[in-house]
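For reference, the structure is listed below as structure tokens.
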């Protein structure tokens, strides 16, 4: 008699049923559903597992983190598409230092897979985390997200905490690795406004080269001249060129406002360069009110 060997087919995963089971009152059912979803290569499984990281049961949260990590690896080419609620759950799981280290680390990885600007704030908070492993996972995700992390990282470089400053520099360096320098990378950003670009580059320019290392060394001493040169180059990317033109317009607007205001209050004299310094965004309304007040007093005199 000839023996035939039957091949076992892999179990069919009912995705929708398993996702419903994640809300089951029995923690064992939720635990099993999470583990089963971790076997799926469907990105919807990973999206559903994000909510498990907020489960009230510590064991279920850990199982959810393991399953989410596996599901993300199974669907390596797909991006997570999360609504506001799911993003909040994921950010909260990362922020919550009462969670297991592994849960927080997986949450950081998942935030990076969203490529979503909403994750930038949560990830950048890891600059101050005492756990180097958590920061490492967050840094990898910040590099994945890119542009939205540039502004908070630039601000963090000025921190008096040397660890925070160095972490911010290293992460910025990784984000800008394929560009000719941080200034060029910031100009090529598609999400930063002209005002944000000016504020960022101006703040970085003032930092000590010794304290700030290689990242800040790419910041031009004269921003207007740098942007003018960028606009003149024939091989300049059109987006970068438009950004440089926007920066020049913003610098001109600020310079005019600064000169008009300060000239109304005192003689310019040898302080012209200082007067041309852009007025920080948060002070513009105050400065404008001062100009109006000064003008009124002058008319009254």
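Quick note: the coordinates plus some simple rules give every number you see, no bench work behind them. Keep in mind that this is a model prediction, so the values were computed, not measured. Cβ sites come from the backbone with ideal geometry, for glycine too, and all protein chains shown count toward neighbours.
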Quiz item: If each residue's Cβ is checked for other Cβ atoms within 10 Å, how do 92, 62 rank with the fewest at the top?
Solution: 92, 62
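I need 135, 94 ordered by Cβ neighbour count within 10 Å, fewest first.
Final ranking by Cβ density, sparse to dense: 135, 94.
What ranking do 97, 56 get, fewest neighbouring Cβ atoms within 10 angstrom at the top? Write down the numbers at each step before the final one.
Working: 97 11, 56 8.
If I rank by nearby Cβ atoms, fewest first, I get 56, 97.
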Quiz item: In µm²/s, what is D for segment 10-69 at 10 °C and 1.306 mPa s, where D = kT/(6 pi eta Rh) by Stokes-Einstein and Rh is the Kirkwood radius from Cα pairs?
Solution: 145
Quiz item: Over segment 85-170, what lengths in whole Å, largest first, do the semi-axes of the equivalent ellipsoid take, defined as the square roots of 5 times the eigenvalues of the alpha-carbon gyration tensor?
Solution: 19, 15, 10
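If you take the C-alpha gyration tensor of segment 1-146, multiply each eigenvalue by 5 and take the square root, what semi-axes do you get, largest first, in whole Å?
Working: eigenvalues 186, 58, 38 Å².
Values for segment 1-146, descending: 30, 17, 14 Å.
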